[in-house]
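Notes follow the structure.
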């Protein structure tokens with residue numbers, strides 16, 4: 001069983017309509033390619049995502065919003081900042097780097 | 001119909017020189033055809049400007065592409081649509097959090113009223129944004145015919 005199976009992933013951006021949606025699409029691509037079945041994958045605006053973050057295993061954000069999520073890692077959530085929100089390659093590399101993907 | 005063809009059909013496109021144009025003005029200009037086509041309200045652009053002022057130029061992606069937008073169902077977003085704008089000169093968006101200069105000459109300004117349509121737009125735009133020769137051709141576009149020709153010449157893989 002892959003490490004990410006059954007995990008919950010949240011993608012956040014300012015409005016929850018642009019870059020977070022792109023991230024969600026790119027994450028989906030990575031999961032499909034690796035045959036991973038997430039329990040949940042959704043996108044949200046940062047204002048909502050900040051309070052919801054602790055309920056997710058992984059939160060991905062554009063680098064700009066990293067500060068907003070200060071402290072979420074104390075709750076065991078993995079915070080992954082992305083430079084290019086639509087790059088499935090960057091997402092894949094970031095997951096591998098954190099040993100979440102083989 | 002692809003998003004580029006739809007942009008041409010709805011008339012949501014503009015071409016500017018961009019000399020001395022601020023990013024705030026550029027965002028406004030990109031919404032003008034959308035106002036005309038009944039896609040967004042006249043002051044819709046202000047919400048986009050507020051958002052970029054608050055969070056920085058995160059709407060500017062690689063390859064000098066800007067995707068100004070607000071949230072889904074924003075006030076003044078009457079229809080789901082995309083406003084395309086090509087600028088001859090780079091529009092300066094300042095620096096991002098790493099001090100990297102952000103500038104754009106291709107704009108895809110979004111309005112989201114219908115979540116499904118919007119999702120489809122976003123998915124298509126992702127393919128377009130990663131299609132370098134297509135973006136280069138769109139940056140040079142000066143007419144709706146140029147947009148259609150670029151779309152035909154550099155199709156996106158699905």
Handout entry: Residues of the range A:63-78 satisfying the condition of being within 22 Å of residue B:62 (Cβ to Cβ) and in contact with a strand residue (DSSP E or B) (Cβ under 6 Å, 6 or more places away or on another chain)
Key = A:63, A:66
Practice task
For residues that are free of Cβ contacts under 8 Å to residues at least 12 places away in the same chain and surrounded by fewer than 18 Cβ atoms within 10 Å (Cβ to Cβ), tally how many sit in the range B:43-61.
Solution key: 4
Exercise for the section: Answer yes if at least one residue in the range A:65-73 is in a helix (DSSP H, G or I), within 10 Å of chain B (Cβ to nearest Cβ) and surrounded by fewer than 21 Cβ atoms within 10 Å (Cβ to Cβ), and no otherwise. Expected result: yes
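Of the residues that sit in the range B:137-148 and are assigned to a helix (DSSP H, G or I) and in contact with a helix residue (DSSP H, G or I) (Cβ under 8 Å, 6 or more places away or on another chain), which one is surrounded by the most Cβ atoms within 10 Å (Cβ to Cβ)? Talk me through it step by step, then tell me what you get.
Filtering the range B:137-148 down to residues assigned to a helix (DSSP H, G or I) leaves B:137-140, B:144-148.
Checking the rest, the ones that are also in contact with a helix residue (DSSP H, G or I) (Cβ under 8 Å, 6 or more places away or on another chain) come to B:137-140, B:144, B:146-148.
On the way: B:137: 18, B:138: 23, B:139: 18, B:140: 14, B:144: 17, B:146: 17, B:147: 21, B:148: 17.
Per the stated criteria, the residue is B:138.
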Fill in the blank from the handout: Scanning the range B:95-126 residue by residue, the ones that are surrounded by fewer than 19 Cβ atoms within 10 Å (Cβ to Cβ), more than 9 Å from every other protein chain (Cβ to nearest Cβ), part of a helix (DSSP H, G or I) and in contact with a helix residue (DSSP H, G or I) (Cβ under 9 Å, 6 or more places away or on another chain) total 2
Practice task
Look at residue A:26 and say whether it is modelled with pLDDT of 90 or more, touching a strand residue (DSSP E or B) at 6+ places or on another chain (Cβ under 9 Å) and buried (at least 19 other Cβ atoms within 10 Å of the Cβ).
Solution key: yes
Exercise for the section: Mind listing whichever residues of the range A:1-56 are within 14 Å of another protein chain (Cβ to nearest Cβ), under 12 Å from the mean Cα position of the chain (by Cα) and farther than 28 Å from residue B:111 by Cβ? Expected result: A:30
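The values are calculated or read from the model by the stated rules, or taken from the named source; none is laboratory data. Keep in mind the model is a prediction, meaning the values are calculated, not measured. Ideal geometry is used to build each Cβ from the backbone, glycine not excepted, and the neighbour counts take in all protein chains shown.
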